[in-house]
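What follows is a single structure, written as structure tokens, with notes after it.
The values are calculated or read from the model by the stated rules, or taken from the named source; none is laboratory data. Computed from a predicted structure; not experimentally measured. Here Cβ is always computed from backbone atoms with ideal geometry, including for glycine, and neighbour counts include all displayed protein chains. Each accessible area value is taken on the protein alone, full model and side chains, heavy atoms only, with ligands, DNA and RNA left out. Shrake-Rupley method; radii C 1.70, N 1.55, O 1.52, S 1.80 Å.
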Amino acid sequence: MPEDIAKPPLPPFDIESATAKVRFAEDAWNGRNPDKISLAYSVDSVWRNRAEFISGRAEIVAFLQRKWAKELDYRLIKELWATHENRIAVRFAYEWHDDAGSWFRAYGNENWEFNELGLMKCRIASINDLPIQECDRKFHWPLDPRPAGHPGLSELGL
């Protein structure tokens, strides 16, 4: 796997560059390619995802593979909450179903810290799952990145 290669936009972030960084992350996660996604993180990146602690790209890839084996038809929307220098705070929601056909909407917040190459070196995620009925889903675009015209979290009242 390649070593650290710069991923613009680079810190320090302003609202415009932070918003772009958030959308790039959303698009990548909606593509569900763990190897490609891992390249946006530093080789020594550390995560807390719910109660799981992850360190380095190999563990990131393994985590994402497990995640999407369980969370089927995953669709995610992220929204910038705040930014300062090399840090970005994000709120998000995603919808998925399990292999029994039960649907969920997960709500959460992430705190991100980037190195000088624009690679995320720290990700702290707090997430809650809400069971929903299939008819209550709000994310209906075809799998892969959310279309440009699809509403974001604020527009959806989430």
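The table for this structure:
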item	result
FRET efficiency, 1/(1 + (r/R0)^6) with R0 25 Å, evaluated for Glu134 and Asn109 via beta carbons	0.45
Rounded to 10°, Cα long-axis angle of helix 57-70 versus longest principal axis of the chain	10 degrees
Nearby aspartates and glutamates by direct alpha-carbon distance to Lys21 (threshold 19 angstrom, same-chain neighbours under 8 apart not counted)	Asp4, Asp35, Glu79, Glu85, Glu110, Glu113, Glu116, Asp144
Label-zone membership for the range 60-96, site Trp141, 7 angstrom Cα→C-beta point, backbone N under 19 Å	72-81, 90-96
Accessible carbon and sulfur surface of the chain relative to its total accessible area, %, 1.4 Å	55 percent
Size of electric dipole in the chain: Cβ of Lys, Arg +1 and of Asp, Glu -1, about Cα centre, debye, nearest 20	100 debye
The chain - accessible surface per residue (Å², probe 1.4 Å)	52 Å²
GNM result for the chain, Cα springs below 10 Å: residue of Glu16, Glu95, Glu113 fluctuating most strongly	Glu16
Cα-projected label distance for Asp27 with Asp14, points at 7 Å along beta-carbon direction, nm	2.1 nm
Contour excess over end-to-end distance, with Cα ends at Ala100 and Arg87 and 0.36 nm allotted per residue	0.8 nm
Euclidean distance of C-alpha centroids, the range 81-125 and the range 1-73, integer Å	9 Å
Cα gyration tensor, the range 19-150 - rounded (a/c under 1.5), prolate or oblate	prolate
DSSP-assigned coil residues among GluC sites (Glu not before Pro) in the range 31-87, each with at most 14 further Cβ atoms within 10 Å	Glu85
Nearest 10 degrees, 0 to 90: helix 15-31 Cα axis against the chain principal axis	60 degrees
3J(HN,Hα) from dihedral phi, the range 84-99, Karplus parametrisation 6.51/-1.76/1.60, rounded to Hz, x for glycine, proline	7, 6, 9, 10, 9, 10, 10, 10, 8, 8, 9, 10, 6, 10, 8, 6
Radius 13 Å from Cβ of Trp141, net charge of other residues (Lys, Arg +1; Asp, Glu -1)	-1
The range 1-142 - percent relative contact order, Cα under 8 Å, separation 6 or more	26 percent
